[in-house]
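Scroll down for the structure; my scribbles are underneath it.
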Amino acid sequence: MTFELIKKQEKKTIKKLKLDYPKLFKLILLLDYNSFKEICGFYCFLKYVYEQIYKEIGIESKTIRLNQLKDTIILILNTFYNSNNIYNENDKEIEIEINKKLGNNIMDLLPFMDIIPFIKTLIKLNLDSNIINKLFDNILVDLGKTRFKNWNELNIYLDNTVEVIGIIIFKIIYKNNNKNNKNNNKNIVREKSKNNISINQIESVLTLFCKSLLLTHLTKNIKYDYQNPPNKIFIPLEECKSNNRYVKFDINTYLKSRIEKLNNIFRIEQDPIFNNIILKQIEFNRKLYKEVEIGFDIIPKEYQSILKVLKIKSQIDLNKIEKYGPSNIIFEKIRFQNYDTLEYSDYLSIIYELGFYNLLVIFYHYFYYF
């Protein structure tokens, strides 16, 4: 009964990603089943945490709720975490052992079933409560930080936000890739040993890629982030200056007046200033993508394909901002690459970006996994 309940919850995590981000869901179908399932579980864990936080009003109540969640999740993890006997080379044995431990406490865990698949992943990856502490500390900083003085502050924010995400995705890749290639007597580190590629380098590439995607996302969503609590502006304030002594520029006033269509004639004078600020941010974002691209070759091929598609789509969005003018982000006149809808044309896009063979792999995995 317990095993069936947990399996049912794992299927729910897969369905949630499918409903929320169908395009991304199709892309990760390129992966082996364990990687696919564990990434879905990680997504649902993050979604659950943020849903719980945003039920609260005010930074103080959000912080209290976040700390309560952290303590509860660490308690759950420590209850089932036993590095002495849980790990071996047999995934089925690990699965049975974890499910037994979960089953003995199933009534206490029912309110937290959304995060149980990710707890299982943490145990399998040999990650203890330290990773949860780090993740929640970063979320806590995220809640309280709404403005960024300079590029250094924004950079630190980006690094902290993606740090744990990069580590966990790398661990998932590393574990499952090693397992899948064991019979061929190779793994992602051995394959690159000739070039002296280290595990840390692979992890760094994935983390930097997550950072690049995050900055693109924040640039596209300046209006949304400013309009919705806690009303963040992901632009270095030191950059928000005008060389024109006749035009005083304040980013808060500018965004408010442009979004609410106030004082249009005066604000039009300020559009070029805003445009230059965003174009500088895009230039920095492109440098990040170039750094990432150098390291793509050390990533397993199926992951490479996914990263390349995400990179292409993000760069298309950056090109659109440059072409149509950054101020049009505010007026929502630019149609960006979204992952929360799926159209027939997207299948043609997958064929173009991944090739027909990979499209067949996606369809095969879709029916095989379900």
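Scoring 167-174, 16-23 by mean Cβ neighbours within 10 Å over their residues and listing the highest first yields 167-174, 16-23.
Excluding HIS365 itself, calculate the net charge of residues whose Cβ lies under 12 Å from the Cβ of HIS365, where each Lys or Arg counts +1 and each Asp or Glu counts -1. Spell out each step's value before the answer.
On the way: positive: LYS26, LYS37; negative: ASP32, GLU302.
Residues close to HIS365 contribute a combined charge of 0.
Near the amide H of PHE148, within less than 5 Å, lie the amide hydrogens of ILE235, LEU237, all on another chain or at least 5 residues away, with H placed in the peptide plane.
Given a cut-off of 25 Å, name the pairs among LYS223/LYS301; LYS145/LYS220; LYS211/LYS323; LYS149/LYS311 whose C-alpha atoms lie farther apart than that in the structure shown. The answer is LYS223/LYS301; LYS149/LYS311. The packing ranking of peptides 47-59, 292-304, highest mean first, is 292-304, 47-59, where packing means the average number of other beta carbon atoms within 10 angstrom of each residue. For the pair segment 281-320 / segment 19-40, the C-alpha centres are spaced 19 Å from each other. Fully extending the segment from LYS241 to TYR352 would add 35.7 nm, taking 0.36 nm per residue of separation and subtracting the current Cα-Cα distance.
At a 10 angstrom cut-off on C-beta neighbours, averaged per residue, how do the peptides 127-133, 35-41 rank from highest to lowest? Each step should come with its number before you reach the end.
On the way: 127-133: 15.7, 35-41: 23.4.
Top of the packing list down: 35-41, 127-133.
Label separation (LYS333 vs ASN150): 3.5 nm, computed from points 7 Å beyond Cα along the C-beta direction. Taking 0.36 nm per residue of sequence separation and removing the Cα-Cα distance, the LYS7/GLU269 pair yields an extension gain of 88.5 nm. Under 18 Å Cα to Cα from LYS18, which lysines show up? Leave out anything in the same chain fewer than 8 places away. Straight-line reach from LYS18, under 18 Å: LYS7, LYS8, LYS26, LYS37, LYS47.
Where a number appears in this text, it was derived from the coordinates with a stated rule and is not lab data. Please read all numbers here as calculations on a predicted model, not as lab measurements. Note: ideal-geometry Cβ built from the backbone for every residue, glycine included; neighbour counts use all protein chains shown.
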